[in-house]
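These notes concern the structure reproduced below.
The values are calculated or read from the model by the stated rules, or taken from the named source; none is laboratory data. All of these numbers come straight from a predicted model, not from anything done at the bench. Here the Cβ is made from the backbone with ideal geometry for all residues, glycine too, and neighbour counts use every protein chain on show.
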Amino acid sequence: MAEGGALIGFLDRLGRRAVAGLMEFGFAASLVGESLFWLVMGGKRRQPVRLGPIVEQAMEIGIGALPIVTVLSGTIGIMLAIQGIYSLKLFGAESRVTLGVAMSTVREFAPLITGILVAGRSGSALAARLGIMRINQEIDALTVMGISPVRFLVVPALVAMLVMLPCLTLWADLVGLFAAGLYIAPQLGSSLGAYGNDVIELVKLNDMLHGLAKSGIFAVLITVVGVVNGASVTGGAEGVGRMTTRSVVHAISAIVITDMVFVFMVTR
Amino acid sequence: MVGRKDNASANSVEVVALNTHYGDRQILHNVNVTVKKGEIMVIMGGSGSGKTTLLNHLLGLLSPSSGTIRILGQDLGGLTPLEHQRLRTRTGVAFQSGALFSSMSIGDNIALPLREHTKLDETTIGIMTRLKLEVVSLAGFEDLKPAELSGGMIKRAALARAIVMDPELLFCDEPSAGLDPVVASSIDDLILRLRDAMGMSIVVVTHDLDSTFKIADRICVLDRGKVLALDTVEAIRASTDIRIQNLLNRRTEEAELDPDAYLRRLLGPGAAQTNGANRS
């Protein structure tokens, strides 16, 4: 009898968790839908999405992340160059290193690293801000004033993220390639200018778009994960901390998995 | 604008046969409340009586399991989001903790509904904001952030934000909780002034007896999710119901008379199970 109870208890918990997880997915999907609705229809309903908060968020998400994105993408560019030359030397093809570095930076490393950085910086900040607003009843206050919290809080963050993440990724492309060149040019005994010409010749528009499209998807993922976690905060300050951590872990996992799926679908 | 016509009915709030659940637990049992136009209704009850739940239903933040809620003549259950949003511009809410937006100054907090719902120019919005700040005696504080204000000032600022659109119906959640008696009394005076000067209907949720008797026209006493009494101040005072008298005289519930039940609670559910297993 006791074993049956334990099994039923386990199934009960499993079921509840599955339902909760599904509801979170549903919430995320409805958030995206509602955000699009407000972007398109807000003006007609006399509830436009305002430019001020978008610019404010864009400064915070984009300009604020510039230093760290610069440092990390530069470091990764150099790291790729070193590893590339080392591994290509094994079969005497180190002159082909520019191709490898350029492709992997533009198609993979720049969008991925930028996405992970922004998820850690701004996704968590978004979750914490919304979580605190929720426990202070500020979200309820917006609702009862007849101001849609999605329009007022989510859409500006989403638009800012959608604009700034591809911009940051483009910047990371440039910095990464430049830093790689600083190592590669002397190693191959050529000039930085010749390296630059090689890169321009090798990197096609298609490769750039591949990376930028991914960063757009990451932008939506980071925002939605941050909002879903922030909006489901319960249990005071501890709850805010827990959901902030959860939002970073979920956002980074979502980014890496989506990246793989995207590459699988597009590249094969 | 159909709502305006319905408004001719004299009731600002009508709750009919409201039942609500939180998970599997029933919170409100068959609650019926009406608030007349221009009336101050105090919803009173101890902790866990369901008064906050009732307020959240009136605000449309929760949806009921069954029953009808009509606010200013409109049934909350049958409103489209757009209609609900319009209705909300005609009501004001002052939350217990104030719920002021911490990233904005007091002035911006109070001006927010005007900026979002009207096409007034900034000069007019500034004047209206300062006007409401004068009403709650906070003139000159519009540039401070909520974190720089005291508890009483936050509650008054929240009231100013709640009335900035000149609502027909105002909800106040525990307006005097956590304040010293003098400040609490000044907030009660403010609520009375608002009703007298602007003819608002006001619903106040509180457990504070002094302020209840000072401001209420009628009192709704909630206890364990049921309406225990809904009557005028005099009638509530004169009530012979033992539970109401306990609440009014701040007496605790009578001591448990069933020692077995007491023992069972102390042992907890796990102990009860092992007990049963041993016996069988």
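Checked against (1) assigned to a helix (DSSP H, G or I); (2) at pLDDT below 90, B:Ala158 passes all but a single condition, namely (2). At least 2 residues being of a type outside the set (Asp, Glu) and under 21 Å from A:Gln137 (Cα atoms) is the threshold, and among the helices (runs of 4 or more DSSP H) wholly inside region A:190-268 those reaching it are A:205-231, A:236-267. Scanning region A:160-195 for residues that are out of contact with any helix residue (DSSP H, G or I) (no Cβ under 8 Å at 6 or more places or on another chain) and within 17 Å of A:Met208 (Cβ to Cβ) returns A:Cys167, A:Leu174.
Yes or no, residue by residue, for (1) away from chain B (no Cβ under 13 Å); (2) among the charged types (D, E, K, R); (3) more than 26 Å from the chain's Cα centre (by Cα); (4) under 30 Å from B:Lys119 (Cβ atoms):
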residue	(1), (2), (3), (4)
A:Gly15	yes, no, yes, no
A:Phe37	no, no, no, yes
A:Val40	yes, no, no, yes
A:Ile54	yes, no, no, yes
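From the residues in region B:76-103 that are at pLDDT 90 or above and of a type in the set (D, E, K, R), which one is nearest to A:Met133 (Cα to Cα)? Among them, the one singled out is B:Arg88.
Pick from region B:66-102 the residues that are more than 20 Å from the chain's Cα centre (by Cα) and in contact (Cβ under 8 Å) with a residue 40 or more places away in the chain: which of them is farthest from B:Thr53 (Cα to Cα)?
Filtering region B:66-102 down to residues more than 20 Å from the chain's Cα centre (by Cα) leaves B:66, B:78-83, B:86, B:102.
Then drop every residue that is not in contact (Cβ under 8 Å) with a residue 40 or more places away in the chain, which leaves B:66, B:83, B:86, B:102.
Numbers: B:Ser66: 14, B:Glu83: 23, B:Arg86: 23, B:Ser102: 25 Å.
This residue is B:Ser102.
The residue that is farthest from A:Met161 (Cα to Cα), counting only those in region A:48-70 that are of a type in the set (Gly, Ala, Ser) and assigned to a helix (DSSP H, G or I), is A:Gly52. Residues in region A:94-103: is at least one over 30 Å from A:Pro166 (Cα atoms) and touching a residue at least 24 places away in the same chain (Cβ under 8 Å)? The answer is yes, given that some residue of region A:94-103 is over 30 Å from A:Pro166 (Cα atoms) and touching a residue at least 24 places away in the same chain (Cβ under 8 Å). Among the candidates B:Leu133, B:Leu112, B:Leu100, which residue alone is in a helix (DSSP H, G or I), facing another protein chain (nearest Cβ under 10 Å) and among the aliphatic types (A, V, I, L, M)? The match here is B:Leu112.
Let me confirm something: among A:Asp173, A:Asp140, which residue is modelled with pLDDT of 90 or more, among the acidic types (Asp, Glu) and under 30 Å from A:Arg242 (Cβ atoms)? Break it down stepwise before answering.
Values: A:Asp173 fails: under 30 Å from A:Arg242 (Cβ atoms).
None of the other options fit; the residue is A:Asp140.
Candidates A:Arg151, A:Arg129: the one that is under 23 Å from the mean Cα position of the chain (by Cα), closer than 30 Å to A:Ala231 by Cβ, basic (Lys, Arg) and within 9 Å of chain B (Cβ to nearest Cβ) is A:Arg129.
Report, ordered by the first and then the second residue, all pairs with beta carbons closer than 8 Å, sequence separation of six or more or different chains, a first member in region A:190-210 that is under 16 Å from A:Ala179 (Cβ atoms), and a second member that is surrounded by 13 or more Cβ atoms within 10 Å (Cβ to Cβ) and of a type in the set (Val, Ile, Thr). Listed by first residue and then by second, the contacts come to A:Tyr195/A:Thr98; A:Tyr195/A:Ile184; A:Asp198/A:Thr98; A:Val199/A:Thr98; A:Val203/A:Val106.
Exactly one residue out of B:Ala229, B:Ala235 is among the aliphatic types (A, V, I, L, M), crowded, with 16+ Cβ neighbours inside 10 Å and more than 23 Å from B:Pro181 (Cα to Cα): that is B:Ala229. Name the one entry in A:Val227, A:Val240 that is under 16 Å from A:Val154 (Cα atoms), of a type in the set (Val, Ile, Thr) and buried (at least 22 other Cβ atoms within 10 Å of the Cβ). Unique residue meeting the criteria: A:Val227.
When residues in region A:185-219 are screened for being farther than 24 Å from A:Gly115 by Cα and in contact with an Asp or Glu (Cβ under 9 Å, 6 or more places away or on another chain), 3 of them pass.
Looking across region B:59-89 at every residue that is more than 30 Å from B:Lys119 (Cβ to Cβ) and in a strand (DSSP E or B), the one that is farthest from the other protein chains (Cβ to nearest Cβ) is identified as B:Ser66.
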